[in-house]
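Let me give you the structure first, and then I'll get to my questions.
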Amino acid sequence: MGLHLCYELALPAETSRESVLEVLGRLRSRSERIGFDRITEVRQYEGEACEPGQSENFWTDAWWYFRFMGQGHAVDPNNPEHWHSFRPEYIAGFLVFPGRRCEVAGFGLSYCPPTVTIDGLPLAVRRPGWHWHCCCKTQYASVVSDEHLLRCHLGLVELLDAAPDLGLEVEVRDETGYHEHRDTARLLKEVRRMNRIVAGFAGRLADTLEPDGHRTVSPIFDHPEFEHLEGEGQS
């Protein structure tokens, strides 16, 4: 539960792998100028290596999450609203760790054919060719400070702003609204509103469960103004 910065990246299906790696390398170089906490190298996965597989710590295994983000989706002809996930042919990209309490953001591209066969049925692929989708929850960077939140969120938006200049098609859905209005005051107001909602819900849940010995875990409990936010969220 929290506010995400979601985005999709794409290149023409006929783009060569060499050109894809060049574009990703240039995007990575651009990310180094922004001031993120950490940026990984560009990694490549092919064939069976594209499968996320099993991981004991998949929520904290960043490269598991990276391969998960790169999975393809095929349309179910009997239920167009239902998609089948499948392993792409190839994935390449890098990870950005914007800062403390902000989720990792993956920047990459995976290649999927126009159709795949699943359970003996040929299915149309939702986004064939070179495509990428990622959702990065930035809200809880505000637990550190508003300034830290702005550094993380605005840094990611800056990188997405640079992507079209490299030839990438970019679609952004910013749940804070910042990508559209570019008003930091409105961004902070929306994050605080959601922090109040989460704090109120988490507080009520903890009050209900903890007397029975169940522990409630949420990053909102670490917010320096949690009790104030909780009171506002329950009023």
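The values are calculated or read from the model by the stated rules, or taken from the named source; none is laboratory data. Because the structure is a prediction, the values reported are computed rather than measured. Virtual Cβ from ideal backbone geometry, glycine too; neighbours counted across all protein chains shown.
Does region 123-139 contain any residue that is surrounded by fewer than 19 Cβ atoms within 10 Å (Cβ to Cβ), in a strand (DSSP E or B) and modelled with pLDDT under 95?
yes
Still on this model: I need a count of the residues in region 104-122 that are farther than 20 Å from residue 5 by Cβ and not in a strand (DSSP E or B). I'd like the intermediate steps shown before the answer.
Filtering region 104-122 for residues farther than 20 Å from residue 5 by Cβ gives 111-122.
Then drop every residue that is not not in a strand (DSSP E or B), which leaves 113-114, 119-120.
The number of residues fulfilling the criteria is 4.
Kindly indicate whether any position in region 87-101 is modelled with pLDDT under 95 and either assigned to a strand (DSSP E or B) or aliphatic (A, V, I, L, M) (or both).
no
Being surrounded by 13 or more Cβ atoms within 10 Å (Cβ to Cβ) and either modelled with pLDDT under 95 or assigned to a strand (DSSP E or B) (or both) is the filter here, so list the residues in region 1-15 that pass it.
Initial filter on region 1-15 (surrounded by 13 or more Cβ atoms within 10 Å (Cβ to Cβ)): 2-11, 13, 15.
Residues satisfying the conditions are 2, 4, 5, 6, 7, 8, 9, 10, 11.
For region 88-117, give me each residue that is crowded, with 20+ Cβ neighbours inside 10 Å and touching an Asp or Glu at 6+ places or on another chain (Cβ under 6 Å).
111
Determine which member of the set 77, 98, 88, 52 is closer than 18 Å to residue 15 by Cα and either in the same structural domain as residue 155 (by TED's automatic domain parsing) or within 16 Å of the chain's Cα centre (by Cα) (or both).
That would be 88, the only listed residue that is closer than 18 Å to residue 15 by Cα and either in the same structural domain as residue 155 (by TED's automatic domain parsing) or within 16 Å of the chain's Cα centre (by Cα) (or both).
Something else: Look through 71, 54 and report the one residue that is within 30 Å of residue 217 (Cα to Cα) and loosely packed, with under 15 Cβ neighbours inside 10 Å.
Values: 71 fails: loosely packed, with under 15 Cβ neighbours inside 10 Å.
Among 71, 54, only 54 is within 30 Å of residue 217 (Cα to Cα) and loosely packed, with under 15 Cβ neighbours inside 10 Å.
Being over 16 Å from residue 143 (Cβ atoms) and either in a helix (DSSP H, G or I) or aromatic (Phe, Trp, Tyr) (or both) is the filter here; which residues of region 202-231 pass it?
Selection gives 204, 205, 206, 207, 208, 209, 210, 211, 212, 231.
Condition check: at pLDDT 95 or above, within 30 Å of residue 223 (Cα to Cα) and surrounded by fewer than 20 Cβ atoms within 10 Å (Cβ to Cβ). Does residue 148 satisfy that?
On the way: at pLDDT 95 or above: yes; within 30 Å of residue 223 (Cα to Cα): yes; surrounded by fewer than 20 Cβ atoms within 10 Å (Cβ to Cβ): yes.
Against the criterion (at pLDDT 95 or above, within 30 Å of residue 223 (Cα to Cα) and surrounded by fewer than 20 Cβ atoms within 10 Å (Cβ to Cβ)), residue 148 qualifies.
Just to verify a result, which residue in region 163-174, among those that are crowded, with 18+ Cβ neighbours inside 10 Å and not charged (D, E, K, R), is nearest to residue 32 (Cα to Cα)?
Residues of region 163-174 crowded, with 18+ Cβ neighbours inside 10 Å: 163, 168, 174.
Subsequent filtering for residues that are not charged (D, E, K, R) retains 163, 168.
Working: 163: 14, 168: 18 Å.
Checking each candidate, the answer is 163.
Go through 41, 18 for me and flag whichever is part of a helix (DSSP H, G or I) and out of contact with any helix residue (DSSP H, G or I) (no Cβ under 7 Å at 6 or more places or on another chain).
Among 41, 18, only 18 is part of a helix (DSSP H, G or I) and out of contact with any helix residue (DSSP H, G or I) (no Cβ under 7 Å at 6 or more places or on another chain).
I'm trying to understand the selection: among the residues of region 121-135, which are of a type outside the set (D, E, K, R) and under 18 Å from the mean Cα position of the chain (by Cα)? Lay out the reasoning, then the answer.
Our first condition is that a residue be of a type outside the set (D, E, K, R); within region 121-135, this holds for 121-125, 128-135.
If the condition is that a residue be of a type outside the set (D, E, K, R) and under 18 Å from the mean Cα position of the chain (by Cα), then 130, 131, 132, 133, 134, 135 are the ones that fit.
Follow-up. List every residue pair whose Cβ atoms sit under 6 Å apart, with the two residues 6 or more apart in sequence or on different chains, where the first one lies in region 148-165 and is free of Cβ contacts under 8 Å to residues at least 12 places away in the same chain and the second, anywhere, is surrounded by fewer than 18 Cβ atoms within 10 Å (Cβ to Cβ).
So the pair list comes out as 164/170.
Starting from residues that are exposed (fewer than 14 other Cβ atoms within 10 Å of the Cβ) and not in a loop (DSSP other than H, G, I, E, B), keep the ones in region 26-38 and report whichever is farthest from the chain's Cα centre (by Cα).
Result: 29.
When you scan region 62-72, do you find a residue that is more than 20 Å from residue 126 (Cα to Cα) and not aromatic (Phe, Trp, Tyr), even just one?
Checking region 62-72: at least one residue is more than 20 Å from residue 126 (Cα to Cα) and not aromatic (Phe, Trp, Tyr).
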